[in-house]
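Right, one structure below, let's go through it.
The values are calculated or read from the model by the stated rules, or taken from the named source; none is laboratory data. Quantities reported herein were computed from a predicted structural model and do not represent experimental measurements. Cβ placement follows ideal geometry from the backbone for every residue including glycine, while neighbour counts extend to all protein chains displayed. Keep in mind that these areas ignore ligands, DNA and RNA; they rest on the heavy atoms of the full protein, side chains included. Shrake-Rupley method; radii C 1.70, N 1.55, O 1.52, S 1.80 Å.
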Amino acid sequence: MHSEKSFSSRFIEALSIFAQKVSNQKHIMAIRDAFAAMIPITIIAAFFLLVNNVLLDPKSGLFKFIPNVEHWLGIGTQIYNGTLGIMALMAAFLIGNFLAKSYGMEGRVEGIIAVAAYVVLIPANVPVTSTAGKAFEASGVLTQDLTSPTGTFLAIIVALISTTLLCKFSQSKRLKISMPESVPPAIAKSFNILIPSFLVLTILGIVEFSAMSIFHMSIPDIIVKVLQTPLVGGFQTLPGILLYVFFAGFLWVFGIHGAFVLGAISGPVLLTSLQQNIDAINAGQTLPNIVTQPFLDAYVYMGGGGTIICLVIAIFIASKRPDHRMITKFGLIPSIFNVSEPLMFGLPVVFNPIYGIPLVIAPLFSTTLAYIATSIGWVAPTYILTPWVTPPLISGYLATGGDIRGSILQVIIIVVGTLIYLPFVIAANRTYTMEPKTQTEKTEQPAEALNLEGGN
């Protein structure tokens with residue numbers, strides 16, 4: 001028994017240390033913080049996507065009876081162009097900024113260079129089709145195929161590479177231009193980084209020129225074929241998304257916010273698949289992707305990580321433990337808005353051998369049910385980016401563009417998830433009956449748990 005506890009303790013400690021190191025790695029932190037900084041932009045874009053697709057859609061919108069309703073779509077379209085439409089550019093700047101700060105730099109100039117590096121790798125000529133159907137090449141333009149979430153893969157890679165090189169070059173005294181003390185500090189710093197910036201942009205310009213000359217493909221095309229397409233495709237398979245959901249839930253068992261830690265990988269993939277669905281709906285085509293960020297938010301993360309809204313219901317139905325019922329009452333309102341931390345660390349669910357099992361299992365069933373229902377056409381695919389705090393039942397309706405079956409599917413998932421949690425709630429009752437004196441200790445937050453931000 002002692003050896004088993006010792007091994008378990010060592011395993012948990014090793015896993016926690018590993019996850020913490022991954023989470024605190026400079027490049028991963030830069031990606032994570034950049035996407036966190038863009039949350040206001042994505043929420044604003046989500047609001048106007050809802051307005052355009054649920055309220056003002058000329059065919060199925062709730063206010064389609066308004067005369068010339070399509071005229072008002074232009075407001076939402078322009079706001080989308082200034083938010084998600086340039087998300088790749090914002091991601092490049094923010095990643096460059098945050099990564100440079102981790103190297104001890106100021107970050108602003110480095111962010112600008114990251115955007116410049118991104119544009120350097122974009123093709124100079126873009127194929128365009130006119131409204132008359134005539135195809136031609138336009139030069140000196142940026143299309144949303146490259147600046148929207150579809151281009152975030154390239155933005156992430158370029159920002160990480162260019163900023164890392166820039167910071168390394170900037171550490172060399174030989175590459176700095178010394179200015180007199182009378183020169184203002186801001187100008188002196190700009191000249192200090194001039195030669196490193198010149199080298200970085202020149203290197204990337206040569207890379208883009210070489211790719212076009214040798215492979216007859218642009219760097220964005222290479223990124224799409226080598227990285228983006230396999231990753232997006234992997235998330236669109238049931239085994240692929242189940243593997244991701246499993247790891248997200250498994251990390252939660254040890255007090256590690258799985259979706260937050262893995263967000264640097266999943267975020268760009270899920271946003272790309274969402275953008276592809278948005279493009280398809282705008283073009284009147286069949287939506288290509290089942291799994292998007294709103295798919296997970298609406299069907300898997302109801303109540304937060306572990307589909308924990310189901311545990312809330314199960315405790316109210318079957319729990320005889322006054323401590324669990326009391327804590328659940330406090331955590332009810334946050335869980336309605338998909339904030340799970342009060343229950344995760346209050347009951348606790350983390351480091352709990354009883355609740356840890358359904359914490360992993362329930363999301364797997366939720367994902368499977370939602371995936372099958374969407375794949376067979378019983379419910380519309382998700383293509384509206386709803387804020388992650390949108391309550392269950394409402395989120396299913398909105399994420400699918402106003403399909404009431406999305407809400408019905410959420411009800412079914414909640415029922416199944418509650419049935420999964422119920423036996424473990426009953427088992428917790430028996431534990432309370434057998435060891436009533438230890439319950440106060442069990443409600444304390446584990447000291448080993450990592451306090452990470454986020455709601456899911």
Worksheet, complete the sentence: Flagged in the stretch 16-35 as assigned to a helix (DSSP H, G or I), modelled with pLDDT under 85 and not hydrophobic (A, V, I, L, M, F, W, C), in numbering order, are 16, 20, 21, 23, 24, 32
Worksheet item: Hey, among 360, 379, 350, 339, which residue is in contact with a Lys or Arg (Cβ under 9 Å, 6 or more places away or on another chain) and either small (Gly, Ala, Ser) or surrounded by 16 or more Cβ atoms within 10 Å (Cβ to Cβ) (or both)?
Response: 379
Worksheet, complete the sentence: Of (1) in a helix (DSSP H, G or I); (2) closer than 26 Å to residue 396 by Cβ; (3) of a type in the set (A, V, I, L, M, F, W, C), residue 90 fails just (2)
Worksheet item: In the stretch 303-336, what count of residues is obtained for those that are in a helix (DSSP H, G or I), open to solvent by 70 Å² or more (accessible area, probe 1.4 Å) and touching a residue at least 40 places away in the same chain (Cβ under 8 Å)?
Response: 1
Worksheet item: Across the stretch 174-186, what is the number of residues that are closer than 21 Å to residue 104 by Cα and either open to solvent by 80 Å² or more (accessible area, probe 1.4 Å) or in contact with a Gly (Cβ under 6 Å, 6 or more places away or on another chain) (or both)?
Response: 4
Worksheet, complete the sentence: With criteria (1) over 26 Å from residue 32 (Cα atoms); (2) modelled with pLDDT of 90 or more, residue 443 comes up short on (2)
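Okay, residues lined up against (1) at pLDDT below 85; (2) hydrophobic (A, V, I, L, M, F, W, C); (3) buried (at least 18 other Cβ atoms within 10 Å of the Cβ); (4) assigned to a helix (DSSP H, G or I):
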site	(1), (2), (3), (4)
128	yes, yes, no, no
133	yes, no, no, no
141	yes, yes, no, no
145	yes, no, no, yes
153	yes, yes, yes, yes
157	no, yes, yes, yes
Item to complete: Kindly check whether there is at least one residue in the stretch 244-255 that is more than 27 Å from residue 157 (Cβ to Cβ), in the same structural domain as residue 359 (by the TED database) and in contact with an Asp or Glu (Cβ under 7 Å, 6 or more places away or on another chain).
Response: yes
Worksheet entry | Residue in the stretch 61-83 that is of a type in the set (D, E, K, R), open to solvent by 30 Å² or more (accessible area, probe 1.4 Å) and either outside any helix (DSSP H, G or I) or in contact (Cβ under 8 Å) with a residue 60 or more places away in the chain (or both) present | yes
Discussion item. Suppose the filter is in the same structural domain as residue 371 (by the TED database), of a type in the set (Gly, Ala, Ser), assigned to a helix (DSSP H, G or I) and touching a helix residue (DSSP H, G or I) at 6+ places or on another chain (Cβ under 7 Å); does residue 211 pass it?
Written reply: no
Worksheet item: Out of 294, 348, 342, which single residue is assigned to a helix (DSSP H, G or I) and at pLDDT below 90?
Response: 342
Practice prompt. Quick one: count up the residues across the stretch 275-289 that are at pLDDT 90 or above and closer than 19 Å to residue 388 by Cβ.
Written response: 2
